[in-house]
Every structure is written in C-alpha cells, then in structure tokens.
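This report refers to the structure that appears directly beneath it.
The values are calculated or read from the model by the stated rules, or taken from the named source; none is laboratory data. Because the structure is predicted, anything quoted here is derived from the model rather than measured. As a convention, Cβ positions derive from the backbone with ideal geometry for all residues, glycine included, and neighbour counts pool all protein chains shown.
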Amino acid sequence: MTHFGAARKILCIAALLSASYGPCAQALAANNPQNKAQISIETKYVKISLTIDSELRSFTELFASCLAEGKAWVNKTNGNAAAEWRDNRKAFRGLQWFYDRDYVLRSVVDRYVSVVRNDDWFDGGAHPNQHADTILWDDVAHKRLNIRAFFTETADSGPTMSALAQAAKLAVAAAKLARDINGYDDDAPAAKDMTPEQEIDHDSFIKDGIKPAILEIGPVTLAPSTETGKSSGLTFPYSPYGVGPYVEGPYTVFVPWTAFRQYLSAQGAALFGGERPKSDEEKW
C-alpha cells in the first residue's frame with residue numbers, strides 16, 4: 001500500500017475515533033456509577049488513579065488480588081514519572097501526564113468471575129493511549145486462571161487455538177465492515193461488497209494481531225448466557241493498536257460457544273450453553 005493510500009485511509013476513518021471509544025466508556029460508566037478511586041495521586045506533573053469496581057468487593061480475595069496488583073502498579077508508575085520529571089522535564093512540554101487503571105466486573109458465570117482491567121494514560125506522546133487486559137478468577141479455588149481447562153487441548157497452532165483465533169478474526173473483520181472499514185490495501189473492494197474472510201485478507205492488522213496461541217489470541221472473558229449458570233461464549237476486548245491503527249479505537253467482539261464446542265473438555269461442556277443476552281451485547 002502506498003504512503004498516500006495509507007494516509008487517505010487513516011483520514012477516512014479518523015472520524016470513527018470518538019464513536020469507537022464511546023461504547024467502551026459508556027459500559028464503564030454503567031458498570032461503575034458509584035465507584036471512587038481506591039488510590040489517587042496528583043502533583044503538578046502527573047495524576048494517577050486506581051479504581052476497583054465496587055461489585056468486586058463481594059469476592060474478597062479477588063478484590064484483594066486486584067488491589068495488591070494495583071498498588072504495585074501505582075508505586076511503579078509514580079516512581080517512573082517522578083524520575084522523568086527530575087531527569088527530563090522537557091518531555092512534559094508543560095502538560096500534566098495521567099495514568100488511570102480500572103478493574104471492571106465483566107461477568108459471573110458459575111464459579112468463574114471475569115474482570116476487564118482498563119489502563120488509560122498520557123505520557124507526552126501524540127495522543128492518550130488505552131490498553132485492556134482481563135482476569136479470569138476461580139472463586140472456589142481462589143486463584144487466577146486462563147481458559148485452558150475448558151478445552152481438551154490448547155497447544156500453540158493446534159486445532160483449538162487455530163479455531164478460536166479464526167473465529168475471533170472473523171468477528172473483528174465483521175465489526176470493521178460494520179464501521180465501513182475495508183482493509184488497508186489500495187485494491188480492497190468497498191466494505192459493503194466484502195465478506196469477513198475478504199476483510200481479513202486485506203487487513204494485516206487483524207492477521208498480525210490475533211495469533212493461534214493462548215497468550216497471543218487476545219484478552220478473553222466469559223460472556224453471560226440466557227441459561228442460568230452458563231456462559232454463551234467468549235468476548236475479546238481488543239485495545240487500540242491491537243487489531244487496527246489507533247484511530248479505529250477498541251473492539252470488543254463475541255465468539256459463541258457453538259463455534260468451539262467440539263474442542264471443549266468435560267469441564268468446558270458443563271460451563272457453556274444458551275445464547276448471549278441482548279442486554280450484554282448492547283453493553284459490551
């Protein structure tokens with residue numbers, strides 16, 4: 001793709017930035033109407049805040065785990081900012097940097113609690129940045145875990161991870177086409193004329209951003225279900241830069257459990273079922 005073509009594409013989708021970020025911010029506000037920061041630091045050169053969803057207090061050990069992790073992050077971030085202010089004050093350009101971290105309850109499915117950890121920051125670059133990660137908590141074993149136990153095998157590039165990665169790519173591609181984004185090749189057809197498979201072929205961000213490996217497929221959470229005690233599938237909250245350029249903003253996509261049921265272990269088969277509630281789709 002030519003530099004001119006890339007610039008033209010970026011300009012065409014720049015208007016999507018505020019709309020792309022909007023649903024994420026609305027979801028956080030809806031989930032955290034009364035939340036106040038557990039830790040807040042402000043100086044002339046930096047503002048740091050740590051907020052843990054008040055709903056997580058019901059899960060004592062999970063809340064404590066998030067708080068301990070968050071405190072360590074605050075201390076490290078504050079120390080780094082102070083050192084930069086001391087040694088390289090010009091980097092601030094007269095601006096106050098900020099770092100915000102929020103732990104948001106995503107879902108409770110049987111014994112499993114999904115949490116989305118959102119980091120927003122500005123440290124002197126061209127624009128603020130945002131990154132999402134996830135925590136899957138076993139409230140019976142009282143520990144963090146990943147999705148391995150739900151599947152019969154999870155080898156890198158194995159059948160399960162390959163199927164999940166492809167399903168996540170198709171979901172992102174469909175979301176991009178819905179935003180009228182048609183890849184990053186000069187010869188890409190109009191979005192209305194493309195299938196998700198074609199979008200993947202024309203969009204290297206998707207191909208490079210989602211890999212068939214447990215640690216590279218992206219952050220993952222359990223979606224609630226219309227069936228009590230079940231999960232309807234997996235949601236992947238991809239950050240800006242994760243599967244597209246910054247101006248596209250974040251994507252949260254859903255993969256229904258029926259797309260991977262043949263790979264489920266007995267534990268996973270007992271956990272998944274039903275359909276995704278419309279209210280969850282609207283919120284996330």
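Which of the residues belonging to segment 168-206 are among the small types (Gly, Ala, Ser) and surrounded by 13 or more Cβ atoms within 10 Å (Cβ to Cβ)? If you could, list the steps in order and put the result at the bottom.
Let us first name the residues in segment 168-206 that are among the small types (Gly, Ala, Ser), namely 168, 171, 173-175, 178, 183, 188, 190-191, 204.
Ala168, Ala171, Ala173, Ala174, Ala175, Gly183, Ala188, Ala191, Ser204, listed by residue number.
Scanning segment 205-249 for residues that are among the β-branched types (Val, Ile, Thr), under 26 Å from Asp156 (Cβ atoms) and in contact with a helix residue (DSSP H, G or I) (Cβ under 9 Å, 6 or more places away or on another chain) yields Ile206, Ile210, Ile214, Ile217, Val220, Thr235, Val243.
Applying the criterion of being of a type in the set (A, V, I, L, M) and in contact with a Ser or Thr (Cβ under 8 Å, 6 or more places away or on another chain) to the residues of segment 256-284, the residue that is nearest to Val108 (Cα to Cα) is Leu271. Restricted to segment 108-218, the set of strands (runs of 3 or more DSSP E) holding at least 1 residues that are within 30 Å of Gln96 (Cα to Cα) and assigned by TED's automatic domain parsing to the domain that holds Glu69 comprises 112-122, 129-138. Residues in segment 243-282 that are under 18 Å from Phe151 (Cβ atoms) and β-branched (Val, Ile, Thr): Val255, Thr258. Which residues, counting only those in segment 264-284, are polar (S, T, N, Q) and under 14 Å from Thr152 (Cβ atoms)? Ser265, Gln267 - these are the residues of segment 264-284 that are polar (S, T, N, Q) and under 14 Å from Thr152 (Cβ atoms).
Within segment 176-214, the set of residues being without any contact (Cβ under 8 Å) to a residue 60 or more places away in the chain, closer than 19 Å to Tyr241 by Cα and in contact with a His (Cβ under 6 Å, 6 or more places away or on another chain) comprises just one member, Gly183.
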